[in-house]
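All remarks here apply to the structure that follows.
The values are calculated or read from the model by the stated rules, or taken from the named source; none is laboratory data. Fair warning: this is a prediction, and the values are worked out from it, not measured in the lab. Please note: Cβ atoms are built from the backbone with ideal geometry, for glycine as well, and neighbour counts cover all protein chains shown. For the accessible areas, the whole protein counts, side chains as well, though only heavy atoms, and no ligand, DNA or RNA atoms are used. Shrake-Rupley method; radii C 1.70, N 1.55, O 1.52, S 1.80 Å.
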Amino acid sequence: MSVDHEKQRAARAAADLVERGMRVGLGTGSTVAFLLVELARRRVSATYVATSPHTARAAREHGIEVDSFASLDRLDLAIDGADQVAPDGWLIKGAGGALTREKIVAASADRFVVIVDASKMVAALSAPVPLELSRFGLVATLRRLGATELRDAPPSPDGGVLADHFALVTDPAALSARLSDVPGVVAHGLFSPSLVDEVIVGRGDECQRLRLGGTP
Ligand code: 5RP
């Protein structure tokens, strides 16, 4: 079964969670692209916000109206992909460079649902961990971080510099705390299980649903 088929299965299951009148955060990436197709097909009237200009553009191309996230204080649901999902629910996200907005949207949602194909399920997380860094003091921040490579990529929509951190991810909680403690780090791609309510995994023709702790 193809990876795209599994992404589409997970996306369809997540689209079924969207109900009329909900405020919904849309993630970024190729799995979310399938979600947009499913949402366009279902035509549920909801308020959508996007985690990237790319997703906002793609949603509008599908006839889905996207609002600004400047004036909403919370979301009912957010749906996004991931690069890696560990058995305990820790995620690595941000290969697409949208990690800061993705984390803000996930943390603002009553329910955060992750959609992945089976290849994203790993026994243990491994480097790299995507980073968004402040341009101010960049060289000093890189020295404090160590083991970090800047991406050859345009800045984030908020002007941040995208990079990848290559430390061992043996203890995601400890690494998350260390990265959060470096002042020039705007956001990092480790997402704690406390943010995640459910992971929907497309596996062959089936969907496997892993329910986690969710937002405290
Ligand atoms: C973008 C992300 C994506 O959700 C992650 O990279 C997964 O992407 P895809 O669905 O294309 O595999 O975090 O910043």
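Candidates in segment 194-216 are the residues that are buried (at least 18 other Cβ atoms within 10 Å of the Cβ) and within 15 Å of the chain's Cα centre (by Cα); of these, the one that is nearest to residue 2 (Cα to Cα) is 201. Being open to solvent by less than 70 Å² (accessible area, probe 1.4 Å) and charged (D, E, K, R) is the filter; apply it to segment 57-76 and report the residue that is farthest from the chain's Cα centre (by Cα). Here the answer is 67. When you look at residue 82, is it in contact (Cβ under 8 Å) with a residue 60 or more places away in the chain and either in contact with a His (Cβ under 9 Å, 6 or more places away or on another chain) or part of a helix (DSSP H, G or I) (or both), yes or no? No.
Counting only strands (runs of 3 or more DSSP E) that sit wholly inside segment 160-216, those with at least 3 residues that are β-branched (Val, Ile, Thr) are 198-203. Selection of segment 141-161 for residues being open to solvent by 30 Å² or more (accessible area, probe 1.4 Å), over 21 Å from the mean Cα position of the chain (by Cα) and on the phi < 0 side of the Ramachandran plot yields 142, 143, 144.
Filtering segment 13-45 to residues that are part of a loop (DSSP other than H, G, I, E, B), within 15 Å of the ligand (Cβ to nearest atom) and of a type in the set (Ser, Thr, Tyr) leaves only 28. Being free of Cβ contacts under 8 Å to residues at least 24 places away in the same chain and of a type in the set (Val, Ile, Thr) holds for only one residue in 170, 148, and it is 148. Across segment 85-102, the number of residues qualifying as aliphatic (A, V, I, L, M), assigned to a loop (DSSP other than H, G, I, E, B) and buried (at least 21 other Cβ atoms within 10 Å of the Cβ) comes to 1. Considering segment 112-149, the residues that are in a loop (DSSP other than H, G, I, E, B) and of a type in the set (Ser, Thr, Tyr) include one that is nearest to residue 95 (Cα to Cα), namely 126. Within segment 29-42, the presence of a residue that is under 22 Å from residue 110 (Cα atoms) and touching an Asp or Glu at 6+ places or on another chain (Cβ under 6 Å) is excluded.
So, residue 105, is that one out of contact with any His (no Cβ under 9 Å at 6 or more places or on another chain) and in a helix (DSSP H, G or I) or not?
Against the criterion (out of contact with any His (no Cβ under 9 Å at 6 or more places or on another chain) and in a helix (DSSP H, G or I)), residue 105 qualifies.
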